[in-house]
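As structure tokens, the structure follows; a few thoughts come after it.
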Amino acid sequence: MGTSLANSPNVLGSICELPTESALPRAACVLADLVKEPAFLGSQIVPLLGEARYTECWYVASRYEAHDGAHSLQVFVWPPGTGTRIHDHSSWGAYACALGTVLEERYDRLDDGSKAEHARLRKAWQLHWSPEGGTSTVLSGDGGIHRVGNPGTTPAVSVHIYGPHTEEVDGRDYDPSRDYVCDRTEG
Ligand SMILES: [Fe+2]
């Protein structure tokens, strides 16, 4: 990638071998440094802005996967007004904004998960994340139910690191308007 990550190809691999409680803060540090790195910003992030102005949905612009699936680094582009559904992940994750600002809404799950396709959520907090604002982290499953989007008027770009999957599915999507949850079937 022409960055410190390329110079240390095993950095993420080593981090992702650690238990979650050790891996997550280390991944957060890697991201905090990466999104401030001029070479990374110039080569991987700034060129995305041109396309972002003409795109209506958020998308993953680049994805770097470990051969064994133990980790993944992904660059997300958030055109103005775009955002995800409420979802979780079957891995831990960390992300930092490299350009612009994203809004994250985080949710607590109130039910015990015993009823199929049922989930009752309560909004816990929301925060704006910008390059100066640090790194957001999520645990797998109920420990990281969130929605991320860009309510602003200029594009945002964020960089995400995901650890090893703990389940076959990528994660779940939630619809709190009908207390519904299902396995995610698309990227
Ligand atoms: Fe997410």
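The values are calculated or read from the model by the stated rules, or taken from the named source; none is laboratory data. Given the structure is predicted, the values throughout are model-derived calculations rather than measurements. Because the Cβ atoms are built from the backbone with ideal geometry, glycine has one as well, and the counts that use them run over all protein chains shown.
Check ASP170 against each of (1) within 14 Å of the ligand (Cβ to nearest atom); (2) free of Cβ contacts under 8 Å to residues at least 12 places away in the same chain; (3) of a type in the set (D, E, K, R) and name the one condition it does not meet.
The one condition ASP170 does not meet is (2).
Considering only the stretch 55-72, state which residues are aromatic (Phe, Trp, Tyr) and touching a residue at least 24 places away in the same chain (Cβ under 8 Å).
TRP58, TYR64
Identify, please: which residue in the stretch 159-187 is of a type in the set (Phe, Trp, Tyr) and closer than 22 Å to TRP125 by Cβ and is, among those, surrounded by the most Cβ atoms within 10 Å (Cβ to Cβ)? Break it down into steps so the answer makes sense when it comes.
Taking the stretch 159-187 first, the residues of a type in the set (Phe, Trp, Tyr) are 162, 174, 180.
Checking which are closer than 22 Å to TRP125 by Cβ leaves us with 162, 174.
Numbers: TYR162: 25, TYR174: 22.
Step by step, filter the stretch 159-187, then rank; the result is TYR162.
Hey, can you tell me all the residues within the stretch 35-54 that are modelled with pLDDT under 90 and surrounded by fewer than 20 Cβ atoms within 10 Å (Cβ to Cβ)?
Passing the criteria: GLY50, GLU51, ARG53, TYR54.
Working carefully through the options GLU117, GLU168, find the one that is acidic (Asp, Glu) and on the phi > 0 side of the Ramachandran plot.
Result of the check over GLU117, GLU168: GLU117.
Could you check the stretch 166-186 and list, in sequence order, the residues that are over 14 Å from the mean Cα position of the chain (by Cα) and part of a loop (DSSP other than H, G, I, E, B)?
THR166, GLU167, GLU168, VAL169, ASP179, ARG184, THR185, GLU186
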